[in-house]
Amino acid sequence: MAAPETSTAAVPTLYTNNTLRNAFGGVLSFFILLLIGVMAFSIRLFSVIKYESVIHEFDPYFNYRVTQFLAKNGIYEFWNWFDDRTWYPLGRVIGGTVYPGLTLTAGTIWWLLNSLNIPLSVETVCVFTAPIFSAFASWATYLLTKEVKGTGAGLTAAALLAMVPSYISRSVAGSYDNEAVAIFALIFTFYLYIKTLNTGSLFYATLNSISYFYMVCSWGGYTFIINLIPMHVLLCIVTGRFSSRLYIAYAPLVVLGTLLAALVPVVGFNAVMTSEHFASFLVFIIIHVVAFVYYIKGILSPKMFKVAVTLVVSVGLAVCCAVIAVLIALVASSPTKGWSGRSLSLLDPTYASKYIPIIASVSEHQPPTWPSYFMDINVLAFLVPAGIIACFLPLSDASSFVVLYIATSVYFSGVMVRLMLVLAPAACITSGIALSQAFDVFTGSIKFQLSGASSNTEVDAAETSSSTAESQTDAVKTEKPEETAKNRPSRKSKKKEREHGEKPSTKAKAEKKRLLALPLESSVISLLLLVLLGAFYVVHCVWAAAEAYSAPSIVLTSRSHDGLHVFDDFREAYAWLRHNTDVDDKVASWWDYGYQTTAMANRTVIVDNNTWNNTHIATVGTAMSSPERAAWEIFHSLDVKYVLVVFGGLVGYPSDDINKFLWMVRIGGGVFPHIKEPDYLRDGQYRIDSQATPTMLNCLMYKLSYYRFVETDGKGFDRVRQTEIGKKYFKLTHFEEAFTTHHWMVRIYKLKPPKNRIRGKTKKSKSKTSSTTSSPKRGGTKKKNPWQ
Amino acid sequence: MKSFRFCFLMLTIAILASPALSDLVLSKVDRRVENAGPEKESLVLLAFPEQQAKNMAYLMATPHEGKGKVKNPVVALPVEAANPKDMPAALTFYSVSLPKGLAEGDSFTFDVLAVFTHALRPIPEQITQADIQLVLYQDSAHYLSPYAVKVQSLSVKLPDSRIESYTKLENTKIHGSEIKYGPYENLPSFSYSPIAVHFESNLPFAVAQELVREIEISHWGNVQVTEHYKLIHGGAQSKGEFSRLDFLARPNVRGASAFRYLVANLPPRAHSVYYRDEIGNISTSHLRGDSKKTELLIEPRYPMFGGWRTAFTIGYGLPLQDFLYESDGKRFLNITFSSPMVELVIDALIVKVVLPEGSSDISVAASFPVEQWQETKISHLDIDGRPVVVLKKTNVVPQHNQFFQVYYHFSQLSMLREPLMLISGFFFFFVACIVYMHADISISKSSASYLAKQQWEEVQAVIQQVQNIISRCLTTHDNLEASLRDLSRTGNIQACKAARKAADGLLKELSKELKPLLTFLQSSPSAAQVLPKVEELVAKERELQEKVMVKHSTVVDGYEKKLGARDIENRVALQQQKLTALRQEVDDLLEFIDEI
């Protein structure tokens, strides 16, 4: 600790002290970053500690299965993988329809560890991929914010991002989904863009394209990048901020990035053919025109330039009109205007509910409610406006990008609750800036007030060196030994700083601008309030991570007076299917459970969460909403042996198939018009009690869910719907119960073989079914029953 | 054939010991051998029909101990498969060597224990959930033997008193759950009288079709046992619906043939027990432990009905000192061979003993024949892998759960291999980092960007120096101010003047020092960006310096002229304002340059 002592005592050592100060600052921020990374990782481990190291939810199971395949068969087999276990009988080309970033990342980690003779299972690697990448994401946030507003803001933003609930919800250990790595890729791409913009280095521009490539590999959300960056470029051009740095930041990204994106099989020619990418090309043309204009301006005299402008503008307008006309014609010729359904529902929030029920049926595609904002970004919602203001003081290229980012992501998060995830980093960055600036102002004014007061009142020999010492110590973030004499006032301020500056980013700069100085009391109180706000945020985040977002959703627990109950019914059912059915049996269920069935039970499914074929899903939906016999025929035509339904009525598990049933009706009815939604509703109300419509009470879903349910309590009281069921005693004629889990949450039925049917009955119902199922039969021989 | 001259006095008790064992038939035979021939005989042949021989898992002969005696550790008589001539081909023979040859008229009594698996056949083969499970047992009421039998009886013990049917012969009695045939006297050799017993058995028919046990020794103090089970209910196949409702409501009626749980008796002090399958942890298990044993009760994910399968893994750690011993410079592992599960029949058992890396001289001692070979397994941070001894045995029953030994050589030093590897790995990593930080690895030393970077670094150093000088100037100003305050307090004009003189000298020196730095900055092209700011800074500082001097002189003058303090203050007030403003500007500039 010799160095700090000399710093106050001897003037000649100032130079070394300054470098030392920087070094200490660097080391300190390095360790703070390290701790932020550790925190980001460990806050996501609640799910492993409270439950177990297991893959969560639905989509992660598919990713896990793909990773297993990759680890077992290698990369070339992976690209050519045709999966015949799903979408029976169509199958799915996995290699060409999946975003491979996540799988390749986890596969690479697994391969690396195994080649170092650390034999971790693929599952372990998959479970911990998301927490590792959230640590990376918080570091990327630090880099990005540092480029925008300096180290202090960077550290604050990184700390905020490390524990923002919205991001935690998608990246707890076991949540092995694309978003886990994509958010890191998103932030890192933005960082490299800003870095290129600030430095004008082609090196960073190339890195930026590669990072963009990784993002394209990882998530469909890459279209956000390729639209946001052009928007920013356009903004810069319009506000007269065009520079060669901007050109270098943008042009290589479009050229290299598009080329690289087209390499990803799932994107392919979409990278140049869909409307999502048009904005980037348009801006690409504009930036060239602008660059050309600037060039011409440089070599021509002002008078000549004016002439040239009129010439170019007239010609250019004509060309532009022609190009735009061609583009519009091209776009208009395609029915969806060249936009994918999900993107369209972003632009027009009502689009999905009007035309594509399958997108609307997913709960994460719904618009969020106000409480979900508070739940997911908490106090950041209040800090964001302050951060936006801070970005305008002064407005640089980088800070204008942040403003644009937050503005667009707020809009998108308002359309789809899932895109809250894109909002989270933006909110963290702006709040980080806001907090850091606020701390700067408050600590600065406290220091100013203290030093000002002391110089007025205290007349002290020690005072002489105080201001010098202060100017040094102010920025020093290290633990300076306080024994060093003669700098009492600065010590005081430092103490304050440490007391309130729990956020590691309160790099206090000696901002002694008179105008900005606030009264001492108010700044102390404001600091306290800010710290309180931060503490509230931390408490909320830890609660969210521990309680709200750590449940794996395949294992449910409930707490009652006699301890913890575990509902492990899903895995019970999948394990039963895996071990006690034939390896080639087909299992039909609503698409939600497709991924889990293929991954956990290793059985062929008809539809799964990929939802690429609406007709196929509608077929299953139709079967579920049809009476038993018609359903049997549909299933039999699909070679289905088992039907799986999820039923929560016994234990009160709300997201079961009866509650999802209306979507099955809607999606089925969208393709097969003989299924009509009003048939299932009584006076516009969806009910399953004695008031329910006969269509409802006779449909397959109702029967499979409530088969022999009444015998459990004698009344048939459904705990989810809080009502007694309408039709209590019935027998199944075409299905038989094969397995029901312990809490009845999953019920598996087996299709009875066709020969069991009674001849006479067939004749009678044939005429009925043929009239009702006439429209689906148009599709082909699919629903033809060979036994008729 | 001389053997035929033997005459036997035998008491045969065949026990269907289903109470203890599911798919097992335990046959215990008590026999007294009497040599009726003239020659000395030391081998006794045991005959089994083909069907039984195929299912026989275990055969042991022990000399008979009288009743009431304390059971000494009985020495088993050696039993070998025999292939005597002139015997019917449909029979399989085993020969028991007697401890000493039997002379004519001598007799010897010994017990034979044979265990058969899969000898009970479910009839009907398919049952519904509500049905009870009936099984059929077939045997011979007469003891099948190449020798003549003097006296013999057979009793069949059943698990339950409910008997569907049984073959009625002469002398058949039934007591509760026990059926007794005989005694029969003076039977000729190879006499055979088939019987069949059809009875209810709802005992768990748990069969492990394959069990892989992996025993991994770590000399850091742990023996890790991992057991992978593939289990099937070997009884009557279930057919028709499975109704959870019925099963939950009346588990003993609607689901009598199913088994819900298994019990494993783990060694004492077993720790870190887990129970899972390929899709995750199975939460239905209970662990009870005391100093004698650790009892693990596991429930499969679903109740096991006839023909249903499941697969799971259990694992546990054991303290090393309980199982690893040393003798003659060799270490040996002494651990049980088979599964800790009670009532489990294993079709194929593979035991893998993973020894630490660097073990040599490996040998195995087991009390029954096993197939064995060696493999290597590469685990955490291994270089050439750990030697693995693989033992394989089919048809394993609980009687096989005996201790076996694996002997090997292992040097204590090999334990340090992996920690040392890690340490050196990190060491070299840090060294590489240090080298990277200190080495200049630019490819082209003459490239423009490299030169620019170097120049920029120089410029930064110079600016740093300039800043230092400026801040020293500011310190000097502060000193002057302080001297003024001193003056107002003490009125010591001389001291104040002295301070002024010292400050003047210092400032002059500093401005001298500043000159070459500024000229360097002006000449350097990469400093063009910062230069105006630096120059502004210097100019402002100079202005500030002048103002301070003027103020100082004014104040000192005032004191010399003995003006009132208020008067002086009025004079200086304007200057003071300017000073503060200037000072602020200089500070701002300093900070701005600092950020560059």
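Nothing in this text is a laboratory measurement; each read-out follows from the coordinates by a stated rule. Because the structure is a prediction, the values reported are computed rather than measured. We place every Cβ from the backbone using ideal geometry, glycine too, and count neighbours over all the protein chains shown.
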**Fill in**
Mean other chain Cβ within 10 Å across A:115-123 is 3
**Asked** Assigning unit charges at the beta carbon (Lys, Arg +1; Asp, Glu -1) and nothing else, what dipole magnitude in debye, to the nearest 20, does the protein assembly as shown show about its Cα centre?
**Response** 3120
**Item:** Karplus-derived HN-Hα couplings along region A:674-687 (A = 6.51, B = -1.76, C = 1.60, θ = phi - 60°), whole Hz, x at Gly and Pro
**Value:** 6, 8, 10, 4, x, 4, 9, 10, 9, 6, x, 10, 8, 8
**Fill in**
Listed by chain and number, the aspartates and glutamates with an alpha carbon less than 13 angstrom from that of B:Lys453, same-chain partners under 8 positions apart left out, are B:Asp440
**Request:** Could you calculate the FRET efficiency of A:Lys297 with B:Ala448 from 1/(1 + (r/R0)^6), where r is the beta carbon distance between them and R0 is 35 Å, rounded to 0.05?
**Result:** 0.85
**Request:** Using Cα pairs closer than 8 Å and at least 6 residues apart in sequence, work out the relative contact order for region A:688-743, in percent.
**Result:** 38
**Request:** Round to the nearest 10 and give me the degree value, 0 to 90, for the angle of helix B:417-438's Cα axis relative to the longest principal axis of chain B.
**Result:** 20
**Average Cα contact separation per residue, chain B, under 8 Å, 6 or more apart, as relative contact order %** = 10
**Message:** Run the simple label-point estimate for B:Gln372 and A:Asn198 please: 7 Å along Cα→C-beta, distance reported in nm.
**Reply:** 6.7
**Request:** Assuming R0 = 60 Å, can you tell me the calculated FRET efficiency for the pair A:Val583 and B:Asn186, based on Cβ-Cβ distance, to the nearest 0.05?
**Result:** 0.55
**Request:** Ignore the peptide's own chain and count Cβ atoms of other chains within 10 Å of each Cβ in B:273-283; give me the average, rounded.
**Result:** 6
**Request:** Return A:Leu259, A:Leu435 ranked ascending by Cβ neighbour count within 10 Å, so the fewest neighbours appear first.
**Result:** A:Leu259, A:Leu435
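Of all alpha-carbon pairs in the protein assembly as shown, indicate the percentage at a distance above 48 angstrom.
55
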**Prompt:** Once you treat every alpha carbon in region A:565-751 as an equal point and sum by Debye, what is log10 I(q)/I(0) at q = 0.09, 0.11, 0.17, 0.19 Å⁻¹?
**Reply:** -0.29, -0.43, -1.10, -1.39
**Item:** Extension gain from A:Ser558 to A:Ser655, taking 0.36 nm per residue of separation minus the Cα-Cα distance
**Value:** 33.4 nm
**Asked** So what's the gap between the Cα centers of region B:107-173 and region B:191-239, to the nearest angstrom?
**Response** 21
**Item:** Binned Cα-Cα distances of region A:195-340, short to long, each 5 Å bin given as a whole percent
**Value:** 2, 9, 16, 18, 19, 15, 11, 6, 3, 1, 0
**Message:** Name the residue from B:Thr476, B:Gly505, B:Thr490 whose Cα lies farthest towards the positive end of the charge dipole of region B:452-505, charges +1 on Cβ of Lys and Arg and -1 on Cβ of Asp and Glu.
**Reply:** B:Thr490
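Fewest Cβ neighbours within 10 Å first, please rank B:Lys168, A:Lys146 accordingly.
B:Lys168, A:Lys146
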**Prompt:** Normalised by the number of residues in region B:164-278, what is the relative contact order in percent for Cα pairs under 8 Å and 6+ residues apart?
**Reply:** 19
**Asked** How long is the gain from B:Phe430 to B:Ser155 if the chain were fully straight, where each residue apart is worth 0.36 nm and the alpha carbon distance is subtracted?
**Response** 91.2 nm
**Asked** On a 0 to 90 degree scale, rounded to 10, what angle separates helix B:565-595 from the longest Cα axis of chain B?
**Response** 40
**Asked** Taking Cα atoms, how many degrees apart are the long axis of helix B:493-523 and the longest axis of chain B, rounded to 10 and kept between 0 and 90?
**Response** 70
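Please work out the FRET efficiency for the pair A:Val319 and A:Asp348, using the Cβ-Cβ distance as r and a Förster radius of 35 Å; give the result to the nearest 0.05. Show your work: numbers first, answer last.
Working: r = 31 Å, r/R0 = 0.88.
With R0 = 35 Å, the Cβ-Cβ based efficiency is 0.70.
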**Request:** With +1 on each Lys and Arg Cβ and -1 on each Asp and Glu Cβ, and nothing else charged, work out how big the dipole of region B:283-434 is about its Cα centre, in Debye to the nearest 20.
**Result:** 260
**Prompt:** Zone of A:Glu711 (label point 7 Å along Cα→Cβ, backbone N under 19 Å): which residues in region B:238-271?
**Reply:** B:238-258
**Prompt:** In nm, to one decimal, how far is the B:Gln412 label point from the B:Glu535 one, both placed 7 Å along Cα→Cβ?
**Reply:** 7.8
**Complete:** For chain B the translational diffusion coefficient, Stokes-Einstein from a Kirkwood Rh over Cα pairs at 25 °C and viscosity 0.890 mPa s, in µm²/s, is roughly 73
**Complete:** Calculated from DSSP helices alone, with each H run of at least 4 adding -39500 (n - 2.57) and the total divided by the residues of the protein assembly as shown, [θ]222 nm to the nearest 500 comes to -15500 deg cm²/dmol
**Prompt:** For the peptides A:735-744, B:358-367, what is the packing order when you average, over each peptide's residues, the other Cβ atoms within 10 Å and list the highest mean first?
**Reply:** A:735-744, B:358-367
**Asked** Taking the Cα centre of the protein assembly as shown as the origin and placing charges on Cβ (Lys, Arg +1; Asp, Glu -1), which of B:Asn281, A:Val27, A:Ser589 is farthest toward the positive end of the dipole?
**Response** A:Ser589
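Where does each of B:445-457, B:218-230 land if you order them by average Cβ count within 10 Å, highest first?
On the way: B:445-457: 11.7, B:218-230: 16.9.
Packing proxy ranking, top to bottom: B:218-230, B:445-457.
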**Asked** Separation between the B:Tyr325 and A:Arg719 pseudo-spin-labels, each 7 Å from Cα along Cα→Cβ, expressed in nm?
**Response** 5.5
**Prompt:** Which pairs break 22 Å Cα to Cα here: A:Lys641/A:Lys727; B:Lys54/B:Lys150; B:Lys150/B:Lys173?
**Reply:** A:Lys641/A:Lys727; B:Lys54/B:Lys150
**Asked** When Cβ neighbours within 10 Å are restricted to other protein chains, what is their mean count per residue of peptide A:739-750?
**Response** 3
**Prompt:** Taking neighbour counts of Cβ atoms within 10 Å as a proxy for exposure, in what order, fewest first, do B:Glu80, B:Glu343 appear?
**Reply:** B:Glu80, B:Glu343
**Prompt:** How far is the Cα center of region B:330-379 from the Cα center of region A:264-330, in Å?
**Reply:** 75
